[in-house]
Structures are given as C-alpha cells and as structure tokens.
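Reading through the structure tokens given below for one structure.
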Amino acid sequence: MIVMRTVLKFLAFFLALSILAFGSTAGALAQGEKRLAFVIGNAAYPASALTTPANDAGLIAQTLQAAGFDVVGARDVDQESLRGAYRDFLAKVTAAGPDAVVFVYLAGQGLQFEGENYFAPVDAEIANAADVPMAAVRVSDLTKPLAALPTKVNIVVLDAARPNSFAKSNQPLAGGLALVDPDPNMLIAFNAAPGTVAPEGKGPYGAYAQALAEMIRDGGLQLGDVFDRTRLRVNEVTDGAEVPWNASKITDPFVFFDRGPDAPAPQVSAAEVRTNRTKEIRDFDAHDAYIAALDRDTMRGYEDFIVAYPHDPMAKRVRAILAARREAITWRQTWLRDTPEAYWSYLDRYPHGPHAWDARRRLEHFDAALEPPQNFAVYDYDVPPPPPEEIVYVDRPVLYFDDPEFDFDPPPPVAVIFLPPRPRDFIELPPPPPPVGIFVLPTPVFVPVPAWVNPPHDIYPPPNDVIFNNIHNTTIINNTTINETNNQGGGLTTGQKLTAGAVGLGAAALATKVALPAFLQKKETVLSKQNPGGLPLKLGQGGQQPGGARPLSKTLPADKLTGHALPGADGKTLPLVNGKPVLNGQNLPNNKSRKLLNKQVTAGGNAAVTGNPVVNGQNGTNGQGNGQGQNGTGKKLRKIPGVNGTPAANRANNPSALNGQNSSQNPPNGKFRKLHNQGGGQTNAQANGQGNGLKGDGKAPKFRKLPVNGNTGGNVQQKFKANNGNPQLKVQVQPRPQRPEFHAQPRQQMQPRPQRPEFHAQPKQQVQRQAQPRPPQPPAARKPSCGHPNEPACKK
C-alpha cells in the first residue's frame, strides 16, 4: 500500500508538471511573433518638392499591414516630429519583447556627409555642407538604438538616394548614400547603390517601392530573396537607371507571407535557383551573365563578367557599377581609419572623386595639410586601385546610370530563371486618393494577394487588422465592398459597402489608414484645434511651418467658408458661460457682455443684443447701425451726455434730441451746438439716424461725454475726420442755427482760444477713461465769437 501511494503521488506530480509545461507552450504559441513597422514619407520640401515618397510610404505601409505588421507612419514631418515619433516607436518595440520583427522605411531626401548618412526632414535648411548635421537626422541615430534592443529581425530601408537639391556650393556633397555595415540581426537596403542616385519617378509610385511591395507579397520568399528580386525588377523597369543595394547580417529565416499547399508549382524550382547562384558567370551566355552578376551584386561577380565578356554592350554598364562600388568601399575604409594618412591615401586614388571634399574637410579638422607630404604611410585597402577605364565614372560628385554622357545600352530582359513576370494586377497601380488629415499617409487601393498566400500562422495579429483579415479581397476607399468572397477571419461581410462621402473620410478610410505615432497624434490634435472643421493642411506651403494652420478668409461670406464653421452653425451648440448658453445678452454675470460678445453700448442708452448701436435713440430699422467691423469685433461706444449735463438714459423717449429737430428745451442764449467735419467726409450717423456708425476701416470709434455749459438742446450732427486712424471730434457754438453751410478749416488753425467755447477731443490712444464735464459757466461771462472768417460781423 505504501508503495502504491508513493507511485500515485509521483504520477500526480508528473501529470501536473506536464499540464504546466503544455500550458506554457500553448501560451507562447498564442502570443506568437510581434511585427512592428515605422514608415515615413517626406515629399513637401520647400526647395524642391518630390513626387512619389508620400505615396511610396503609403504603399509600403499597406503591404506591411497585410503581412501582419502593427504599422505607424506619417508624411511630411519636421525634425522634431520625426525624432519624437521614433522615440515612441522604440518604446513600443521595447515592450514587444525579444521575438519582435521591426521594419523601418524612410522615403524622401537622403544625404551623406563625411561618411554618415542623413535623412532630411521637410523643414531642413541646408545652405552648405556644414549645415547637414544640424538640419538633418543622422541615420545611425536611428539604427544604433534599434540594434541595442533584443529583437529577432531588424529591417531598415532608405528609399532616399535622390538627386541632391541642398548645399549647391563650390564644395559639394557626395551624391547618394554612403556604404554602411549593418549591425547584427539587421538588414539595410538602399533604393540605389552607394554613391549613385535614382531618377525621380513620374508615376504615382516610385519603381523601388512598387517592386518591393510586389516581392513582399510573394509567399514563401526568404528575406534575402525579397531584396535580390527587388533589385532585378527595378533594374528592368528603369532600363538600368536604378540599381538598388542591400546588406544583411540576419541569420534566422524570415518570410513575410507563407506559401500555401494549394499554391501552383513555381516556374523555377528551388534546386535550380541554388544552381544558378553557384554557377560560374562565364558559364552563362552574355545576357544571362549580366543578370546573374546583378543578382549576386558582388565585386567578384561584376569582375567575372568583365573578364568573360569584355566587349559585350553591357560591359560599359558593369564597369560603371563596379567603379561606384570600388570607390564606396575605398571611402568606407578611409572613414573608419579616420587619420590624415587615410585621407591622403584616398585623395591619391581619387583626387576628384565623390568624397574628395569630405576628405579635405576631415584634413582641416585634423589641422593637416591638404597636400600629402613626400613620405607618408599609404593605406592598404582591401580593393585594388581603380583601372583607368573606371575613373571616368567616379571623377565627379555623383554617378547617374542614365547619364546621356555615358550612352549605355539598355539592359536585356530578365529571364524567368532569375525572376518571374510581373503580376498583371501589379503592373499599373492607380494613384491613391488624396490623404485626409494632417500627417496622415495616403491610402492606396489595395490589390488582393493570391489565395494561396497567407501570413504566417504564428504571428500576433495587429491591432488594426482590417487589411490583415481581408488580404484576398478588394479593398478600395470610395464605394468599396470589403470581403466579397471570404468571410473568414473577421472583417466586413458581403454587401457592407463603405462610402467615404457618407461620413466625411469614410469608414473604409478610417479602418484602413495607417495610425499616426503617439507623438504626432498629440501634435495633430493641437493643429486640428487651431483649424476646427477645416480642410486638411498641406505642409510646407505658403511660408507656413509644417503643420501650420490655415488663416481664415477675409473676403468670402460666412456661408462660403465651409472649412470654418461659425459658433452655433450646423446645429452646433453655442459657447457656454457659467454652464449656460448665451442668448440675447442673458446669463452674463458681472456685466461682461461687452468682453464676451464684443457688444457696443448704444448712444441712446438701449443695449442692442446684436451689437448694433442705436443712433436716433430707438431700436428701430432707421436707428440701428452696425457696430462691427470685418473681423466681427466692434469697439465700445461711450454714452453721450444729455442736455443740461444729464445722461441720455431715456433718449428713446426723446427722439428729437438727435434727429435734427429743435427740442422744446432751447438754450437760454439761443445758440446751438454743432459738430464740424474737419476732413469733409461724413459718417453714417447723421441726424436721421440711418447708418452704421463705422469708420472707413469697418471699426466703430469710441465716444466721450461731451461737456455741457448749461445749454440745452441743439442741432447736433456727428462728423469726423480720420487723421492717422484717430478720429477727432470738435464742438463749436454757432450764433446762427439757420445757416447749415460751413467750411472746414485746417487742423493747425483750429487751436483752442480762451474767448471761444470750443472743445477738442483727445487723440484716440489717450481716450482710456471717461472725461468729467466741466462745471457750467454763466453765459454772460463770455462773448460770442465774431469777426473771424465765416462768422458774423460784431455788433456794437
């Protein structure tokens, strides 16, 4: 019995241990491989805008979404946004764990400076070579932190070797990108070989991005084969004008898509592919030998072709490729040594080479002579010096394979043993719809992958899985039906059409667009608040900084400004004050209506809720002016004192006070006050009360209380003169009210005189507080003015 119990306990312990191990294995399988991607497309450079990078980034991002990558990306970013977004991405990679697969794609303008590669943000201002380190982002600052993380695979693609539009000086930068060595577990790829540039594409997509997307979608291709076939396809499409390059230190096998068991047999077996890779170049015919050398992309492969077919039409093209690669290797080893002897050695080989000015700048850094001394230790490079026939291709800052000076013959067509034909649905890709939103990448029309191609089963599904779950179905943005034939694996069912016009951007665009990095999401929110309801901003235009807001129109009416809705329009709520909407001047505490709603106080004492002052003392059609300018804000109007110094609080009940009629209360001396127009121009506040009370610039002037002298009533007219934007108000007593005619006098002659009851308004900037009226003076203490021009003769 004791033995039996011991055996049972042992079996129970073994069973529990087995269950625990099985659960751990199942959990690991359930978690799977996490795939993360960071995609940038910069095209809106102020100096020279590019055609395809933004679309290229959208195409690569969508292809990676289909392959199960959690993609974040943006277009037309400045340096601050690029660095901040990449920091957020590195934090996400860190949280993903040790089995993460990372893909970084940068499309735009690339530069090299003193052995380092740089990626230019859209706000880069590079007038000379010394500006590059400050204005651009060094690529090694992106790759080194990534290489330090415990990831499984790191893929960095620079689609940025383009003609340089920066630093046009007598000390030019070397063209294209500099040769680099990838870090462990990393692949680095350029759209053009080191030291060369690719021609700018004219179509909706660049040749490199389209070819790379095509090869990623091919199920079962190993990572190295993806980029080797991309090189062959790009060289074929561009007629040899562009030769991509890549270098890898990835040892683990990796595929973007699996090839299903129901897939048709490949046209070339895997055994034949291995044979072609190991076959001697001289054993191919001339055409296939060129493709074989390009497929291997090694110094030895190109040299073997020159030896086997020195007089073939492709020999000149191969010599140019070989010359660029030899010079790139020479400069790389020179830069790694970084001594005056190394730079003298480079200048000895390439006195006018692409990196000649970089070598001279480094010699100046060491305070060394530009010319080498008689005896110095010449650096022994791993590659021999260039033969004379190669110098012509590298005796310049940059090499163009389509340079008409070289007159290269077009390369031969690629045989099927090296590359299958292009898919029919991937030859002509339609352009993507215009991007909607700030920083958002374009969303191309998705081309379904073949039915036998599927993502690996052991990967972790991405958060945005609409494309991932519908890779075999047509996904278009406008009037699109997603998942027409396959309802498995999630996604939308048959007949669920996503119409973009129905909800602005459209559910399909919202579901399939690439998410912005966290840093740019915050920045986009701030910019959207500056442009509420507005159209998407195009960066780098109109002298604005990237992401700058578009100013409101000052000429179009409000109903035409569809991008800038007014408060309360289209069913929106009005702004709240103390939790309540402001209606007709109500709910405004502490008499803050003027500050919150920009209202004006009316001359007649009636506060019009619409902001229009009452001129004739009543709130009617002929007495209500428009106290607002073009900008919708009017200036405050001060109350005009009534007769006998009493405020005009009940002017609505006394319309004759301002309508040009004689009041029943006449001044004792029978003299009326009249406002003179010093400039000859009348305002729209005449005695009949019709007008808007505006100046010429659409802004309402401020009024002060007019001091009284104990006189009542009067034929008062309001007239102004604009003098440097400051209206001047002048009150003059006329002895004869029946004379409406008068003549304006020059300003310098209308000075106050002790014997004349004249009053001058202060300049506008000094009218900050309401002036107190002077105490009334006895009418007998002054004599009426007479004897002056335009005045009656004095009576004895």
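The values are calculated or read from the model by the stated rules, or taken from the named source; none is laboratory data. Since the structure is predicted, the reported quantities are computational estimates derived from the model, not experimental observations. Methodologically, a virtual Cβ is constructed for each residue, glycine included, from the backbone with ideal geometry; neighbour enumeration extends over all protein chains shown. Accessible surface is based on the protein model in full, side chains and every heavy atom, while ligands, DNA and RNA are left aside. Shrake-Rupley method; radii C 1.70, N 1.55, O 1.52, S 1.80 Å.
The requirement of being open to solvent by less than 10 Å² (accessible area, probe 1.4 Å) and farther than 27 Å from TYR205 by Cα is not satisfied by ALA107. Considering segment 118-161, and only residues there that are acidic (Asp, Glu) and under 21 Å from the mean Cα position of the chain (by Cα), the residue that is farthest from THR196 (Cα to Cα) turns out to be ASP123. Name the single residue that is nearest to THR52 (Cα to Cα) among those in segment 400-457 being among the aromatic types (Phe, Trp, Tyr) and open to solvent by 60 Å² or more (accessible area, probe 1.4 Å). The qualifying residue nearest to THR52 (Cα to Cα) is TYR400. Restricting GLY195, GLY206 to those that are at positive phi and surrounded by 24 or more Cβ atoms within 10 Å (Cβ to Cβ) reduces the list to GLY195. Restricting attention to segment 216-240, the residues being open to solvent by less than 20 Å² (accessible area, probe 1.4 Å) and within 23 Å of ARG317 (Cβ to Cβ) number 8.
If the condition is being of a type outside the set (A, V, I, L, M) and under 20 Å from ALA292 (Cα atoms), then segment 195-234 contributes TYR208, GLN222, GLY224, ASP225, PHE227, ASP228, ARG229, THR230, ARG231, ARG233. Scanning segment 82-99 for residues that are in contact with a strand residue (DSSP E or B) (Cβ under 7 Å, 6 or more places away or on another chain) and either within 21 Å of ARG138 (Cβ to Cβ) or of a type outside the set (A, V, I, L, M, F, W, C) (or both) turns up LEU82, ARG83, ALA85, TYR86, PHE89, LYS92, VAL93, ASP99. Please report, ordered by residue number, the helices (runs of 4 or more DSSP H) entirely within segment 241-317 with at least 3 residues that are of a type outside the set (Asp, Glu) and open to solvent by less than 30 Å² (accessible area, probe 1.4 Å). Once the helices (runs of 4 or more DSSP H) in segment 241-317 are filtered for at least 3 residues that are of a type outside the set (Asp, Glu) and open to solvent by less than 30 Å² (accessible area, probe 1.4 Å), what remains is 286-296, 299-308. Taking PRO163 as the residue in question, decide whether it is open to solvent by 10 Å² or more (accessible area, probe 1.4 Å) and either within 30 Å of PRO448 (Cβ to Cβ) or in contact with a Phe, Trp or Tyr (Cβ under 9 Å, 6 or more places away or on another chain) (or both). Answer is yes for this residue. For SER169, which of the numbered conditions (1) more than 26 Å from GLN62 (Cα to Cα); (2) under 28 Å from the mean Cα position of the chain (by Cα) fails to hold? With respect to (1) more than 26 Å from GLN62 (Cα to Cα); (2) under 28 Å from the mean Cα position of the chain (by Cα), SER169 is out only on (2).
In this structure, is ARG217 charged (D, E, K, R) and under 16 Å from ILE188 (Cα atoms)?
Judged against the criteria, ARG217 is not a match.
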